Amino acid sequence: MPSMTTRKGTIVSVNTSGGGIPKLPVEQCEVTLSGLAGDEHNHEKHRSPMVAVSLLDEEDLRDLKDEGFDVYPGATGENVTVRGMNVDELSIGDVLQFSGGLRVEVTKMRKPCYVLDAIDPELKKVIVGRCGVMAKVLEPAVVSAGEVIEVVESATPV
């Protein structure tokens, strides 16, 4: 039986870096239309408002850790690590409202790339399907760990 998408989740960690991985936890961060303040990217493909924020499930990181990979919130380059949401089951077009005011729309499924080789060359193969999502910012705000995220508009019928 397929699992239902959880419509709410909680932010475990907000992560940024000066470029590349890992992204490290910050207490809070301003999110603008172009992404998280102070978060840099080493590759041009990541510098677009359409992929301003990346989200990944903490549960996926836990599973990968159990499989022997050295991962933790931010290790794979996600900006927001979420618990209890099953972000991999979200659809392009879903709108997420954060309790602190941030509002984003899912624009694409995240795909693994060679940068993950720094963790383990096998990781980019096994993380397929559990790599999270990318989103554009609809309403900028400051975001911090502990906030609740809710799907407020669904692109597909529930």
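The values are calculated or read from the model by the stated rules, or taken from the named source; none is laboratory data. The model shown is predicted, which means the values in this text are computed figures rather than measured ones. Backbone-built Cβ (ideal geometry, glycine too); neighbour counts: all protein chains shown.
Looking at Asp66, is it more than 17 Å from Ser13 (Cβ to Cβ), more than 16 Å from the chain's Cα centre (by Cα), surrounded by 14 or more Cβ atoms within 10 Å (Cβ to Cβ) and among the charged types (D, E, K, R)?
no
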Return the only residue of Gly9, Gly38 being more than 20 Å from Glu105 (Cα to Cα), among the small types (Gly, Ala, Ser) and either modelled with pLDDT of 95 or more or out of contact with any Lys or Arg (no Cβ under 8 Å at 6 or more places or on another chain) (or both). Gly38
Out of Glu105, Glu139, sole residue that is within 16 Å of the chain's Cα centre (by Cα) and of a type outside the set (A, V, I, L, M): Glu105
Collect the residues in the range 113-133 that are without any contact (Cβ under 8 Å) to a residue 60 or more places away in the chain and within 17 Å of Leu90 (Cα to Cα), keeping them in residue-number order. Val128, Gly129
Kindly evaluate Leu102 against the criterion of being at pLDDT 95 or above, touching a Pro at 6+ places or on another chain (Cβ under 8 Å) and over 20 Å from Thr16 (Cα atoms). no
